[in-house]
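One structure below.
The values are calculated or read from the model by the stated rules, or taken from the named source; none is laboratory data. Everything quoted here is computed from the prediction, not taken from an experiment. Here the Cβ positions follow ideal geometry from the backbone for every residue, glycine too, while neighbour counts run over all protein chains shown. For accessibility, only protein heavy atoms count, side chains too; no ligands or nucleic acids. Shrake-Rupley method; radii C 1.70, N 1.55, O 1.52, S 1.80 Å.
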Amino acid sequence: MTKRFIPRSIEEITPQWLTDALTESGVLRNNSVKNVSTEMIGEQGYMGILGRLNLEYETSDDGLPTSMIAKLPTREFKNRITGEIFLHYERENRLYDEYLIKLPTKTPKCYFSDMDSGVGERTINFSYFLYNKLPKWLINVFLIFFGLYVLAKKRRYILLIEDFADLEYIDQRDGCSHEDAKLVMRSLGKGQAVFWNNPEVNQYWLKPDSEIGRLMGLLYENGLPVVERNFEDRLTPKIKTVFDWVLKNNGRIDNFILTRPTTLVHSDFRIDNIFFNRKENEIAIIDWQGAYRGLGISDLAYFCTGSGSQPFTPEQVDELIITYHQGLQEGGVSSYSLEECRLDYTYGLFVALRYIVIANGALEIDNDSDLQKLSELWFDRMKLMVENLDLSSI
């Protein structure tokens, strides 16, 4: 059987391929793409390549999209390995195919999704088993082997999704206001309510990070020297103390989270991945590659660490927690108190800090000045939140 062609680059997306793809997905009926022009969105995403496709059809039809976004995997070697090992590309395709349409919060319409077959559930489950059983040094060896193995499969992925060019975008370097953050948190709560303790997200490709705690701890341990080397002048004594506490109490954090309610967590929930519809006073969320089943409020904590135009004060963070909890209640979650939510926030912040350190260690930050500058802002903006942590009370 001939393997179906999936473009590896934006340049390989032709009018004929688009016609076939959009006809298969039901977007096109008795019509075809006549011309397509492309423009890159940014030179290179950290985990993916984005391109805007401007389409012209053989037969004019106001009901058809005149532009859409094509998303493909990154070509950065280290980043691509990370994306393959943690199923980032497969996960996002599957979410667009089956799950995101169920959210009350707006996400891009998916016009077409395709990917090569993967290693399968048994292989992934066996890998998770090894992560929790092997000694640290052998986990590192296994990660290298598994990374090269999945790269050798040369899987291809593509998404054609809605273009949000008409919505307002806030660059993370500028950051958002506290009022905008409240709008974001209410929508976050409503959206997470849909999959709150919902068995639909009990999928092998949405496994919680807390189920591979030893691996997350190892990646965090590997990422700390990268953070310390690049951002020494940004790390206050308290930040260093908290980072060290997370390192020493990694298992404790995960054991607690495994006792808590779960939902669909975005994991990279920051202002760069959020658009604003001012007319409807709503938001739209993109970039679901890192989503997993886990502690919902970790999205709130992660957002607060780096997305504000100014560092959020403890009082402002608490107001956002209250707003998020109200969103959960509006979405139908009735058995989760505000007191529980506040308690979970502390552990959600640990998860956010762990993710930030792991991301800095996993990406090509040493060779990326733009990413370095963004991380510098991040560490500056998180100071108030981290300084307010009382580790002795945990």
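Quick look at the numbers
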read-out: Distance histogram in 5 Å bins (all Cα pairs of region 19-68, percent per bin); value: 5, 19, 26, 21, 13, 11, 5, 1
read-out: Aspartates and glutamates with Cα under 12 Å of Lys136, excluding same-chain neighbours fewer than 8 positions away; value: Glu221
read-out: Relative contact order computed over region 139-259 (Cα-Cα under 8 Å; 6+ residues apart), in percent; value: 26 percent
read-out: Segment Lys109-Asp380, length gained on full extension (0.36 nm per residue, minus Cα span); value: 94.0 nm
read-out: Accessible-area composition of the chain, carbon plus sulfur, in percent [1.4 Å probe]; value: 49 percent
read-out: Candidate lysines - alpha carbon under 29 Å from Lys279, same-chain residues fewer than 8 apart omitted; value: Lys71, Lys102, Lys106, Lys109, Lys182, Lys190
read-out: Accessible solvent surface per residue of region 309-374, calculated while the other protein chains remain in place, 1.4 angstrom probe, Å²; value: 42 Å²
read-out: Shape metrics for region 51-100, restricted to C-alpha atoms - Rg then Dmax, Å; value: 15.4, 44
read-out: Å² per residue, accessible surface of region 166-306 at 1.4 Å; value: 37 Å²
read-out: Label-point separation, Leu148 to Asp97 (7 Å along Cα→Cβ), nm; value: 3.0 nm
read-out: Per-pair calculated FRET efficiency, R0 = 45 Å: Glu39 and Thr123 via Cβ, rounded to 0.05; value: 0.75
read-out: Size of electric dipole in the chain: Cβ of Lys, Arg +1 and of Asp, Glu -1, about Cα centre, debye, nearest 20; value: 1360 debye
read-out: Separation in nanometres of the label points that stand 7 Å from Cα toward Cβ, at Asn30 and Asp166; value: 2.6 nm
read-out: Projected-area average for region 226-378 over all orientations - Cα convex hull basis, square nanometres; value: 10.1 nm²
read-out: Region 274-344, Rg to Rh (Cα coordinates; Rh as Kirkwood inverse mean 1/r); value: 0.96
read-out: Percent RCO, i.e. relative contact order, over region 298-394, from Cα pairs under 8 Å lying at least 6 residues apart; value: 52 percent
read-out: Alpha-carbon centroids, region 47-64 and region 161-224: separation in whole Å; value: 28 Å
read-out: Protection proxy ranking, peptides 205-218, 300-313, 109-122, 372-385, average beta carbon neighbours within 10 Å, highest first; value: 300-313, 205-218, 372-385, 109-122
read-out: Residue-by-residue Karplus 3J(HN,Hα) for region 86-103, coefficients 6.51, -1.76, 1.60, Hz, glycine and proline x; value: 9, 6, 4, 6, 4, 4, 5, 4, 5, 5, 5, 5, 10, 10, 5, 5, 7, 7
read-out: For region 97-173, convex hull volume per residue from C-alpha positions, Å³; value: 190 Å³
read-out: Proximal lysines to Lys238, defined as alpha-carbon separation beneath 24 angstrom and excluding residues fewer than eight positions away on the same chain; value: Lys248, Lys373, Lys383
read-out: All Cα pairs of region 156-266, percent lying beyond 25 Å; value: 51 percent
read-out: Residues in region 202-230 that a label on Lys136 would reach, taking backbone N under 20 Å of a point 7 Å out along Cα→Cβ; value: 210-230
read-out: Where the Cα pairs of the chain fall when distances are cut into 10 Å bins, in %; value: 4, 22, 33, 27, 11, 3, 0
read-out: Convex hull volume of region 29-144 per residue (C-alpha atoms, cubic angstrom); value: 158 Å³
read-out: Length-normalised contact order of the chain in % [C-alpha pairs under 8 Å, at least 6 apart]; value: 19 percent
read-out: Angle in degrees between helix 121-131 and the longest Cα principal axis of the chain, rounded to the nearest 10; value: 30 degrees
